[in-house]
1. Could you name the aspartates and glutamates whose alpha carbon sits less than 16 Å from that of Lys32, not counting residues in the same chain fewer than 8 places away?
2. Only Lys, Arg, Asp and Glu count, each charged at its Cβ (+1, +1, -1, -1), so figure out the dipole size of the stretch 35-80 about its Cα centre, rounded to 20 debye.
3. To the nearest 10 square angstrom, what accessible area does Glu38 show with a 1.4 Å probe?
4. Applying the Karplus parametrisation 6.51 cos²θ - 1.76 cosθ + 1.60 with θ = phi - 60° to the phi angles of the stretch 16-29, what ³J(HN,Hα) value in whole Hz is obtained for each residue in order, glycine and proline being reported as x?
5. Could you look at the chain and say what percent of its accessible area is carbon and sulfur, using a 1.4 Å probe and all protein chains?
6. Run the numbers on the chain and let me know its relative contact order in percent, using alpha-carbon pairs under 8 Å that are six or more apart.
7. Once phi is turned into θ = phi - 60°, what whole-Hz ³J(HN,Hα) does the Karplus curve with 6.51, -1.76 and 1.60 give for every residue of the stretch 40-53, x standing for Gly and Pro?
8. Run the dipole for the chain about the Cα centre, Lys and Arg Cβ at +1, Asp and Glu Cβ at -1, nothing else charged, and hand back the magnitude in debye, nearest 20.
Amino acid sequence: MNWEPRTVRVSATAKYLRSSTKKANLVVEAIKGRPVEEAAALLKLMPQHAANDVLAVLKSATANAENNHNLSAEDLIIVD
């Protein structure tokens with residue numbers, strides 16, 4: 001019997017932010033494909049103001065994954 005990893009999409013959104021989406025997208029592109037813990041550490045060191053907003057959304061999505069889908073934060077990877 002072949003074992004395949006579980007693929008679940010977990011998301012979180014931020015509303016009413018006071019920065020442009022272009023600036024936020026530049027920050028998001030820098031963390032795509034990385035594990036959540038590594039991405040959080042990278043966001044804390046980024047000088048861009050949008051990094052704080054992205055970090056808040058990342059923490060929210062991680063909490064959603066842990067509480068709603070019983071996933072561990074060590075296994076999560078940033079996709080979109």
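The values are calculated or read from the model by the stated rules, or taken from the named source; none is laboratory data. Bear in mind the structure is a predicted one, so any value in this text is a computation, not a measurement. For neighbour counting, all protein chains shown are included, and Cβ atoms are generated from backbone atoms with ideal geometry for every residue, glycine included. The protein model used for the area step is the full one, side chains on, heavy atoms only, and it has no ligands, DNA or RNA in it. Shrake-Rupley method; radii C 1.70, N 1.55, O 1.52, S 1.80 Å.
1. Leaving aside aspartates and glutamates fewer than 8 places away in the same chain, those within reach of Lys32 are Asp53, Glu74, Asp75, Asp80.
2. Working: 2 positive and 7 negative charges, 39 e Å.
Charge dipole of the stretch 35-80: 180 debye, to the nearest 20.
3. 80
4. Once θ is set to phi - 60°, the couplings for the stretch 16-29 become 6, 7, 9, 9, 7, 5, 4, 5, 5, 5, 5, 5, 5, 4 Hz.
5. Values: 3300 of 6350 Å².
Looking at the chain in its full context, I get 52 percent from C and S.
6. Numbers: 66 pairs, mean separation 31.5, N = 80.
Relative contact order comes out at 39 percent.
7. 5, 5, 5, 5, 5, 8, 6, x, 5, 5, 5, 5, 5, 5
8. Details: 10 positive and 9 negative charges, 94 e Å.
Magnitude of the dipole: close to 460 debye.
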